[in-house]
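First the structure, in the form of structure tokens, and then the observations on it.
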């Protein structure tokens with residue numbers, strides 16, 4: 001978890017926007033000084049920026065792998081996510 005003030009102009013800049021995906025899910029993401037803002041928070045932020053009229057066009061077609069992106073980020077959450085999803089798969093498959 002991290003809290004950091006970020007200027008709106010940084011959030012809406014197309015160079016700081018991208019799409020992430022994993023196992024059928026995809027959604028918007030933001031690069032904030034090497035940290036990746038993604039998931040529910042990024043979805044809410046994306047919707048708010050659109051509603052406020054601050055949206056700028058960005059490449060919403062190209063999708064990047066969630067885990068690879070997190071591994072390259074400063075987030076430090078990739079290992080925990082992999083372990084979580086591996087445990088979920090075990091439950092589903094009964095292994």
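Where a number appears in this text, it was derived from the coordinates with a stated rule and is not lab data. Quick caveat: nothing in here was measured; it's all calculated off a predicted structure. Don't worry about glycine lacking a Cβ; one is built from the backbone with ideal geometry, like all the others, and counts go over all protein chains shown.
Across the chain, the relative contact order, built from alpha-carbon pairs under 8 Å that are at least six residues apart, equals 26 percent. Highest mean packing first, where packing is the average number of other Cβ atoms within 10 Å per residue, the peptides 34-47, 81-94 line up as 34-47, 81-94. Among beta bridges identified by DSSP and lying wholly in the chain, the antiparallel ones come to about 75 percent.
Treating only the Cα positions of the range 1-53 as identical point scatterers, give the base-10 log of I(q)/I(0) from the Debye formula at each q in 0.16, 0.18 Å⁻¹. The Cα Debye sum returns log10 ratios of -0.45, -0.57. Where does the Debye-calculated log10 I(q)/I(0) of the range 34-95 sit at q = 0.14, 0.16 Å⁻¹, using only Cα point scatterers of equal weight, no solvent? Normalising to I(0) and taking log10 leaves -0.58, -0.71. Give me the angle, in degrees from 0 to 90, between the Cα long axis of helix 39-51 and the longest principal axis of the Cα atoms of the chain, rounded to the nearest 10. With both axes taken from Cα atoms, the answer is about 20 degrees.
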